[in-house]
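Notes follow once the structure below has been shown.
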């Protein structure tokens, strides 16, 4: 495992949200920030929770964590955690297990009451948590301190140029959100935003049923209504770059699903088509299908406009998801990190660890068409001209004319 790690990535917390980020717990006998305050305090659950609880911290932005430490509170050693998983999440709903520990009971032997745990992880998450499943004894759960760390590669580099420390950014594609950015709706207007539809079969199949977190019921148009639209309006403009659809639970519902359709955004006066599905879509029963598209604009409302279904008597969709932007696409180029010597954490977070991108390679470019400019210069013979991008090609070693 790695030798070098950053200092604790979590600041000294003075409240659940200060100075930055957010700490939370499934049960609170006292504030969860006491497990992140770097003092001789502790978080403890409020009631008998059967030795099961979660303790989490949400960073202001995504980061990689591949080491954590747990400090037990000496006066409550029997309520110390014994078995747990360490998990990461982007939305607080879907958690990925990064590390699993079982039967850790020798806390009293730990130096300074602290145990450290390392694991392999290269993915960035917004939230991390301890998902505790068992304590040494007793049904309350307590943690003295939880700290998180990131591996610092042995070689991290920045280029010092024109008084600034810089890194070369490589081109990266846009990363959409893992889950939908629409909340799980319990009515057309709750908990937030508004779901609407061009028509509904009856009140049991209202628009929000396509955004309620499952495909048991779904949205359905009246019989013989084979086109229509369903929309969701956010509380503020959002950028949507993808959509998913899944059929209703009943079998043989494929004929009700959209065959030709569009995703549209409302600009305040009209619906603008963002994605036009002109290739017939074939769905599989109860299988979610995702579709991603380019969209540079943010709209407050989006709708799925169904132009044709696959042979059924009405439009019916079990569940719809809209995906937002998790990370913007980046273009290659030089980025200034600092005009002073960067600190360790800046090197760890932003320094270059792959210097191969700086290697200068000899390449043979494709033939360049040349322009006859003889008539612009007095004299004899012929003169031809062509331009080469010197920002891309640093040195020209040879020229071959044919």
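The values are calculated or read from the model by the stated rules, or taken from the named source; none is laboratory data. Because the structure is predicted, anything quoted here is derived from the model rather than measured. Here the Cβ is made from the backbone with ideal geometry for all residues, glycine too, and neighbour counts use every protein chain on show.
What the table below lists for this structure:
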item	result
Residue in segment 341-351 that is farthest from residue 180 (Cα to Cα), counting only those that are in contact (Cβ under 8 Å) with a residue 60 or more places away in the chain and more than 24 Å from the chain's Cα centre (by Cα)	341
Residues within segment 6-15 that are without any contact (Cβ under 8 Å) to a residue 60 or more places away in the chain and surrounded by 18 or more Cβ atoms within 10 Å (Cβ to Cβ), tallied	1
Subset of segment 134-163 (residues that are assigned to a strand (DSSP E or B) and in contact with a helix residue (DSSP H, G or I) (Cβ under 7 Å, 6 or more places away or on another chain))	135, 142, 143, 145, 146, 157
Yes/no for residue 216 being within 29 Å of the chain's Cα centre (by Cα) and not assigned by TED's automatic domain parsing to the domain that holds residue 117	yes
Single match in 189, 225 (criterion: in a loop (DSSP other than H, G, I, E, B) and either in the same structural domain as residue 268 (by TED's automatic domain parsing) or at pLDDT below 95 (or both))	225
Residue 261 vs. criteria in a strand (DSSP E or B) and more than 30 Å from residue 163 (Cβ to Cβ)	yes
Residue in segment 205-222 that is surrounded by the most Cβ atoms within 10 Å (Cβ to Cβ), counting only those that are out of contact with any helix residue (DSSP H, G or I) (no Cβ under 8 Å at 6 or more places or on another chain) and modelled with pLDDT under 95	215
Criterion violated by residue 75 - all others in (1) in a strand (DSSP E or B); (2) at pLDDT below 95; (3) more than 13 Å from residue 133 (Cβ to Cβ) satisfied	(1)
Of all residues making up segment 164-178, the number that are surrounded by fewer than 17 Cβ atoms within 10 Å (Cβ to Cβ) and part of a loop (DSSP other than H, G, I, E, B)	5
Single match in 84, 95 (criterion: farther than 23 Å from residue 177 by Cβ and crowded, with 18+ Cβ neighbours inside 10 Å)	84
Given (1) surrounded by fewer than 16 Cβ atoms within 10 Å (Cβ to Cβ); (2) assigned to a loop (DSSP other than H, G, I, E, B); (3) touching a strand residue (DSSP E or B) at 6+ places or on another chain (Cβ under 9 Å), number of the condition residue 276 does not satisfy	(2)
Qualifying residue in segment 165-173 (condition: over 30 Å from residue 85 (Cβ atoms) and modelled with pLDDT of 90 or more)	yes
Segment 38-57, subset closer than 22 Å to residue 150 by Cα and surrounded by fewer than 18 Cβ atoms within 10 Å (Cβ to Cβ), residue farthest from the chain's Cα centre (by Cα)	39
Test: residue in segment 280-288 that is over 21 Å from residue 202 (Cα atoms) and either part of a strand (DSSP E or B) or touching a residue at least 60 places away in the same chain (Cβ under 8 Å) (or both)	yes
Sole exception among (1) touching a residue at least 60 places away in the same chain (Cβ under 8 Å); (2) under 13 Å from residue 143 (Cα atoms); (3) touching a strand residue (DSSP E or B) at 6+ places or on another chain (Cβ under 8 Å) for residue 30, by number	(1)
Single unsatisfied condition, residue 105 versus (1) surrounded by 17 or more Cβ atoms within 10 Å (Cβ to Cβ); (2) farther than 28 Å from residue 20 by Cβ; (3) modelled with pLDDT under 90	(1)
